[in-house]
Amino acid sequence: GLRGFFGALIWLCIPVTMMAFATRAEDPGFGGLVAAVGGLLLGVVLVHLPFLQTRLATTNRFASMFEIRDVREQFRRAPIAWWVALLMTLALAIPLYILKAELVPREAAWLPSLFFVAFMWPARLVVGWAVGRADKREQRRHWIFRGLSKMGMVPVALIFALVVYFSQF
């Protein structure tokens, strides 16, 4: 888990830093441009990160956190399952950002941890299912399914990037 955390930290460092920097930029036009680029980069990272972390868990090698080609090949073999897994992962993470909107009293500081486990555990199971489904198949799925799944991933990742951006306010 700690290696998965550090791998995710490496992937998320640049896009999240760009989005945070954008709110402190003196020129609003430049800040908006930096936020947009950071949001797009975050979207690209979000499409791959859950599957890279699952790959790390299955191979037990830290270097697998950066094997994008292998993850993309897995996607080609089960694109719809991957879209469902990404949708569930990001949709179930949104309530965790909503919890940031209001400070939790000190006596209930442990409560967000329960929400985290309750929402992220099923998402991780679905990602594991998608990866397992891809590993069982030898042939790539038809290009129509791959294309539709890719097109479906774009709005899911970008909406989540917007939620992440606005949750800092």
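The values are calculated or read from the model by the stated rules, or taken from the named source; none is laboratory data. Just so you know, these numbers come straight off a predicted model, no measurement behind them. Methodologically, a virtual Cβ is constructed for each residue, glycine included, from the backbone with ideal geometry; neighbour enumeration extends over all protein chains shown. All accessible areas refer to the heavy atoms of the entire protein, side chains included, with ligands and DNA or RNA removed. Shrake-Rupley method; radii C 1.70, N 1.55, O 1.52, S 1.80 Å.
Run the numbers on the chain and let me know its relative contact order in percent, using alpha-carbon pairs under 8 Å that are six or more apart. Present the calculation step by step, with values, prior to reporting the outcome.
Numbers: 174 pairs, mean separation 50.1, N = 169.
The value is 30 percent.
Rounded to the nearest 0.05, what FRET efficiency is calculated for residue 91 and residue 26 with R0 set to 41 Å and r the Cβ-Cβ distance?
Efficiency for this residue pair is about 0.70.
Please give the net charge around residue 52, taking every other residue with its beta carbon less than 14 angstrom from that of residue 52, where Lys and Arg add +1 and Asp and Glu add -1.
Surrounding charge for residue 52 is +3.
So for 17, 89, what's the accessible-area order with a 1.4 Å probe, most first?
Largest accessible area first, the list is 17, 89.
Express in nm, to one decimal, how much length is gained between residue 57 and residue 36 on full extension, taking 0.36 nm for each residue of separation and deducting their alpha carbon distance.
4.4 nm
What does the helix-only formula give at 222 nm for the chain: each DSSP H stretch with n ≥ 4 adding -39500 (n - 2.57), the total divided by the residues, and the result rounded to the nearest 500 deg cm²/dmol?
After summing the helix terms and dividing by residue count, I get -28500 deg cm²/dmol.
For residue 159 and residue 113, calculate 0.36 nm times their separation in residues minus their Cα-Cα distance, and state this gained length in nm to one decimal.
14.2 nm
Tell me the angle of helix 143-167 to the major Cα principal axis of the chain, expressed in degrees between 0 and 90 and rounded to the nearest ten.
20
Explain nothing, just the number: dipole magnitude of the range 13-169 about its Cα centre with +1 on each Lys and Arg Cβ and -1 on each Asp and Glu Cβ, in debye rounded to the nearest 20.
Numbers: 17 positive and 9 negative charges, 160 e Å.
For this selection, approximately 760 debye.
Quick one: accessible surface of residue 18, probe radius 1.4 Å, all protein chains present, in square angstrom to the nearest 10.
Accessible area of residue 18: about 50 Å².
Give the carbon-plus-sulfur fraction of the accessible surface of the range 92-169 in %, rounded to a whole number; probe 1.4 Å, heavy atoms of protein chains only.
69
So, in nm, how far is label residue 6 from label residue 67 when the simple model puts each one 7 Å beyond its Cα toward the Cβ?
Reported label-point gap for residue 6 and residue 67 is 1.9 nm.
Rounded to the nearest 10 degrees, what's the angle between the helix 68-77 long axis and the longest principal axis of the chain, both from Cα atoms, 0 to 90?
On a 0 to 90 degree scale, this one is about 60.
Quantify how much of the Cα-Cα distance distribution of the chain extends past 18 Å, in percent.
Numbers: 9162 of 14196 pairs.
For the chain, the fraction of Cα-Cα distances above 18 Å is 65 percent.
Would you mind working out the magnitude of the charge dipole of the range 122-169 relative to its Cα centre, with +1 at each Lys and Arg C-beta and -1 at each Asp and Glu C-beta, to the nearest 20 Debye?
For this selection, approximately 220 debye.
Sorted by accessible area with a 1.4 angstrom probe, largest first, how do 110, 82 fall? Present the calculation step by step, with values, prior to reporting the outcome.
Working: 110 145, 82 5 Å².
The residues order as 110, 82, largest area first.
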